[in-house]
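J.: Take a look at this one; I'll ask things after.
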Amino acid sequence: MSFEPTEIEKQNLEAHVELCAQRYTALEGRLSTIEKKVDDLQSIVEKSHASTVKVLVGTAGTVVTGVLSTIVLILMKLPS
C-alpha cells in the first residue's frame, strides 16, 4: 500500500480524508497482528523460562545429592 498522496488527494480534501482513513484502518489491522504475535512470543518465552528453571533445579538437586553421597561414602571408609 502506497502512502504517497495521489493526484486526486492533492486536489480533493474529501478524497484525501477517505484515503487516510483507509490507510489508518490498514495500519491498525497490521499493528493488531503484530501485537498478537508479540504476545504469543512472550507466552512462549515465559513457558520456556519456567521449564528451564525446573531443569536447573533438578540438576542442582542431583549434583548436591551426588556430592553428599560421595562425602558419606568417604566418611564411612575412614578407619575408626
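The values are calculated or read from the model by the stated rules, or taken from the named source; none is laboratory data. All figures in this text were calculated on a predicted structure; none of them were measured in a lab. Cβ coordinates were reconstructed from backbone atoms using ideal geometry, including for glycine residues, and neighbour counts include every protein chain displayed.
J.: Among the residues of segment 3-39, count how many are within 31 Å of the chain's Cα centre (by Cα) and either on the phi > 0 side of the Ramachandran plot or not hydrophobic (A, V, I, L, M, F, W, C) (or both). So that I can check it myself, show each step before the final result.
T.: Going residue by residue through segment 3-39, those that are within 31 Å of the chain's Cα centre (by Cα) are 3, 22-39.
Narrowing further to those that are either on the phi > 0 side of the Ramachandran plot or not hydrophobic (A, V, I, L, M, F, W, C) (or both): 22-25, 28-30, 32-33, 35-37, 39.
Count: 13.
J.: It is to be established whether one or more residues within segment 13-32 are of a type in the set (K, R) and modelled with pLDDT of 95 or more.
T.: Quick first cut of segment 13-32, residues of a type in the set (K, R) only: 23, 30.
Then keep just the ones that are modelled with pLDDT of 95 or more; that gives 30.
Yes, because at least one residue in segment 13-32 is of a type in the set (K, R) and modelled with pLDDT of 95 or more.
J.: While we're on this one: Have a look at E4, E14 and point out the one that is among the acidic types (D, E) and either touching a Ser or Thr at 6+ places or on another chain (Cβ under 6 Å) or not in a helix (DSSP H, G or I) (or both).
T.: Details: E14 fails: either touching a Ser or Thr at 6+ places or on another chain (Cβ under 6 Å) or not in a helix (DSSP H, G or I) (or both).
Residue meeting the stated conditions: E4.
J.: Determine which single condition M1 fails, assuming it passes every other condition in (1) loosely packed, with under 10 Cβ neighbours inside 10 Å; (2) modelled with pLDDT of 90 or more.
T.: (2)
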